[in-house]
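Asker: Below is a structure I'd like to ask you about.
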Amino acid sequence: MNNKKHQLPRDVYGSDEHKMFKETIEQFVQNHVSPHREKWEEQGYCDREAWLKAGELGLLGIDLDPKYGGMGLDFTFSAMLIEEQARAGEFAPAISMHSDIVIPYIARYGSEDLKMKYLPKCVSGEAIGSLAMTEPGTGSDVQAITTYAEDKGDHYILNGSKTFITIGYTSDFTIVACKTSKNIGAKGVSLLVVDADSEGFSKGKPFKKLGLKTSDTCELFFEDVKVPKGNLLGEEGRGFVYMMTELPRERMTIALSAIGAMRCALEKTVEYTQQRTAFKQPICGFQNTQFKMAEVATKLEVTTAFVDRCTALQAEHKLTPELASMAKYYASDTQCEIIDECLQLFGGYGYIWEYPIARLYGDARVQRIYGGTNEIMKVLIARSIFSDYFKHLKEAKKQLKTRMTVA
C-alpha cells in the first residue's frame, strides 16, 4: 500500500536534518506518548515525565537561542514537530502551546532576568508555561478583559479569572493578559508572568472535554496575587500589541496540526477500507469510497501546499496576520470536513472512542474555536481586503467626533 503517490514534494521539510528530526519525533511519540494515552485521558492531563523526556530529546523551545538552552533552529522544525505529533493522532504533551506560544513571549518581551529564570527550565521540561487570555464573559474580545493588576509601586496586585486555559492545570507559570489601566480599552492591557505557587493563585479542575482529553484545560483564579514589577513583559499598556504580533504564529500551529490530523485520518481510512468487507468485497472497491477518498486526498494536498508556503514565510519572519488567519480558518474547516467524511466510511465503528478516527473527530472540533474563532479570522481577512474602506471610515468617525466636541 503506497499512500505517497498523490503527495506533492514537501520542500519545507526537505533537509537531512529534518529527516533525522522526524525520526526523533516518531520515537518520542511511539515510546513516551502513545503507551500512556488511556491513563492521561482518564486523569485529564499529561504526566510530567513526558515533558521531561521531550526536553531531554530537544523537542522543547527548538528555535530558541542556544544561550537559553534552545537549538536555534528555524520555525520549520517546530512546524514538523506539530504536524508529526498530530499525524500520529497524539496531542499531548501540548508542546506547541508551550514552545510556540508561551516561550516566544518571554524570549521576545521579557527582561534578561526573566529569560534566564524561565527559558532554560522551559527547554528542559522542568517548567511548563501557559497563556491566560480568555475570560468567561469576553471570549475572543481580548480588549474587553476585566482581570486587573493594580500598581502598588514595586509590585502589582492581580485580581480576576481566566477560562479555557490550555495546560493551565499542569503549568508552573502563566502569562496573564490583564488591565493595568482601566477605561482605555486595548491601550490598558499588559502581560504579567505569574508563578503557579503564588499566594492567591488557584486552579480549577481540568474540564471534561469533547476532545483533546489527554491535554488539560481549566480555569485560573487570581485573588490579591502579588506580582513583582519585574514580571511585566515589555512595556505596560503594550500587551494587546504584543498579543496581536504573536497570534499569527499561534494560528499557524493550529493550521499545522490540522494538516497532521487530516493526514492521519486519510491513512487510517485507507487502511481500514482495504480491510473491512461488505457485500463480499473490501469497501474500498465501492465507487462511493473511491470518490470520497479522492476528494479527501485532493483537499488535503491543496491545503498542505498553502500551509507549507505560510510555514516557509513564518520561518523567514514574513508571514502576515492575514495569511495566518487564512491558514488557520481554512485548514481547520477542511480538517473537520475531511475527518467527518473519513469517519462515515468507518460506519458504526467510527463512533467508538477506541478507534483513532473517533478521537480525531473529537479533537478536531476545537480547532475552529481557539486561537480566535474562524468567524474572527474572516473578519480579519475582510479588513485587510477592504483596508482602504475601513481607513476612510475610521477617519470619518474621527472627524465627526471632533465636530461634535467643538459644537
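All of the numbers you see were taken from the coordinates with simple rules; none came from a lab. Every value quoted in this text rests on a predicted model; they were computed, and no experiment measured them. Methodologically, a virtual Cβ is constructed for each residue, glycine included, from the backbone with ideal geometry; neighbour enumeration extends over all protein chains shown.
Asker: Given Cα pairs under 8 Å that are at least 6 residues apart, what percent is the relative contact order of the chain?
Answerer: 16
Asker: Out of region 313-407, which GluC sites (Glu not before Pro) are coil in DSSP terms and have no more than 13 other C-beta atoms within 10 Å?
Answerer: Those that pass, being in a loop and sparsely packed, are E316, E354.
Asker: Loop only by DSSP, 10 or fewer other Cβ within 10 Å of the Cβ. Give me the chymotrypsin sites (Phe, Trp or Tyr not before Pro) in region 241-279 that pass, ordered by residue number.
Answerer: Details: sites: Y242, Y272, F279; in loops: F279.
Sparse-neighbourhood loop chymotrypsin sites (Phe, Trp or Tyr not before Pro): F279.
Asker: Could you please rank H18, H98, placing first whichever residue has the fewest other Cβ atoms within 10 Å of its Cβ?
Answerer: H18, H98
Asker: When Rg/Rh (Cα atoms, Kirkwood Rh) is calculated directly from the model, which label among [x] 1.24; [y] 1.00; [z] 0.94 fits?
Answerer: Step by step, Rg/Rh (Cα atoms, Kirkwood Rh) for this structure corresponds to label [y].
Asker: Sort D65, D333, D16, D11 so that the residue with the fewest other Cβ atoms within 10 Å of its own Cβ comes first and the one with the most comes last.
Answerer: Going from least to most buried by this count: D16, D11, D65, D333.
Asker: Given the rule -39500 (n - 2.57) for each run of at least 4 DSSP H residues, summed and divided by the residues of the chain, what is its mean residue ellipticity at 222 nm, to the nearest 500 deg cm²/dmol?
Answerer: Helix contribution divided over all residues of the chain: -16000 deg cm²/dmol.
Asker: Something else: Give me K280, K182 ranked fewest to most by other Cβ atoms within 10 Å of their Cβ, as a rough exposure proxy.
Answerer: Ascending Cβ contact count within 10 Å gives the list K280, K182.
Asker: Something else: As an exercise, take the mean of 1/r over every pair of distinct alpha carbons in region 130-239, invert it, and state the Kirkwood radius in angstroms.
Answerer: Evaluated on region 130-239, it is 13.9 Å.
Asker: Okay, next question. Which of K162/K187; K187/K398; K179/K203; K67/K162; K229/K318 have a Cα-Cα distance over 23 Å?
Answerer: From K162/K187; K187/K398; K179/K203; K67/K162; K229/K318, over 23 Å: K67/K162; K229/K318.
Asker: As an exercise, identify the GluC sites (Glu not before Pro) in region 170-259 lying in DSSP coil whose Cβ has no more than 11 other Cβ atoms within 10 Å.
Answerer: E199
Asker: Still on this structure, please answer the following. Just for the chain, what percent of DSSP beta bridges are antiparallel, to the closest 5?
Answerer: Roughly 85 percent of the DSSP beta bridges within the chain come out antiparallel.
Asker: Using the Cβ atoms and a cut-off under 11 Å, what net charge is assigned to the surroundings of L59, where Lys and Arg are +1 and Asp and Glu are -1?
Answerer: -1
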